[in-house]
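Inspection log for the structure reproduced underneath, given as structure tokens.
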Amino acid sequence: MDNQKFTHLKADGQVNMVDVGEKKVTKRTAKAQALIQVSDEVLACFENNDLQTKKGPVFQTAIIAGIMGSKKTSELIPLCHPIGLNKCDVSIRINDEKQIEIIGVASIKSTTGVEMEAMTAVSVAALTIYDMCKSFGHDIIIREIKLLEKRGGKSDFNAQ
């Protein structure tokens, strides 16, 4: 295996925080998605695209948690750079496949990207939904946490 393809490994295989100090400042955005499968019973409880629980409105609470999580990414993922996000947006809806769909978009003008922040946002939002809905049953499945697109920096990516 060629360690030089892994930016977080030095030639000798030791872990490394990437030096972004000489990189060009550009506008960088990333969009991520998480899907959650819940039982028909839980899905039926959602009215007007949200569910009220003793802990509060599920989607609104998950949106706040996702935004908060995105801001803490560098504390959770060891080699991520601490950055000051310009924007993080989390939206949640029930899609046509009767799944809860979470979309997170993060942006910044910086020398480093925001893919991990967008993916952390949807991950934390998904975990929050699990936590708030688990009293209905533990047959909740969080699936397909993935990067949908990124722009800025060396290369763009679009999974759609």
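Quick note: the coordinates plus some simple rules give every number you see, no bench work behind them. The shown structure was predicted, so the numbers you read here are calculated from the model rather than taken from an experiment. Please note: Cβ atoms are built from the backbone with ideal geometry, for glycine as well, and neighbour counts cover all protein chains shown.
What to note about this one:
- Over the chain, relative contact order from alpha-carbon pairs under 8 Å, at least 6 apart, %: 35
- Sequence ranges 25-36, 136-147, 112-123, ranked by mean other-Cβ count within 10 angstrom, highest first: 112-123, 25-36, 136-147
- Between SER39 and ASN158, the contour length at 0.36 nm per residue exceeds the Cα-Cα span by 39.7 nm.
- Residue among MET17, MET132, MET68 with the largest mean-square fluctuation in a Gaussian network model of the chain, springs linking Cα atoms under 10 Å: MET17
- Computed extension gain for THR7 through LYS87, at 0.36 nm per residue and net of the alpha carbon distance, reaches 26.2 nm.
- Under Karplus coefficients 6.51, -1.76 and 1.60, residue-wise ³J(HN,Hα) of segment 141-150 in Hz, glycine/proline x: 10, 8, 9, 6, 6, 8, 7, 8, 6, 9
- Amide H contacts of ARG28: ILE108, LYS109, SER110, each under 5 Å away and 5 or more positions distant or on a separate chain (H built 1.01 Å from N in the peptide plane; Pro and chain starts excluded).
- Cross-link partners of LYS98 among lysines, defined as those whose alpha carbon lies under 25 angstrom from its own and excluding same-chain residues fewer than eight positions apart: LYS31, LYS54, LYS55, LYS134, LYS146.
- Spin-label pair GLN14/PHE136, simplified geometry with 7 Å Cα→Cβ offset, distance in nm: 5.1
- Between LYS23 and LYS109, the contour length at 0.36 nm per residue exceeds the Cα-Cα span by 29.8 nm.
- Only Lys, Arg, Asp and Glu carry charge here, each on its Cβ (+1 for the first two, -1 for the last two); on that basis the chain has a dipole of about 680 debye about its Cα centre.
- Against the main long axis of the alpha-carbon atoms of the chain, helix 115-133 sits at an angle near 20°.
- The computed Cα extents along the principal axes in Å for the structure shown corresponds, within (1) 46, 38, 24; (2) 40, 37, 29; (3) 52, 32, 29, to (3).
- Most fluctuating residue given options SER110, SER39, SER70, as computed from a GNM of the chain linking Cα atoms under 10 Å: SER39
- What the phi angles of segment 85-90 give under the Karplus curve with 6.51, -1.76 and 1.60, with θ = phi - 60°, is a coupling list of 4, 7, 7, 9, 10, 10 Hz, glycine and proline written as x.
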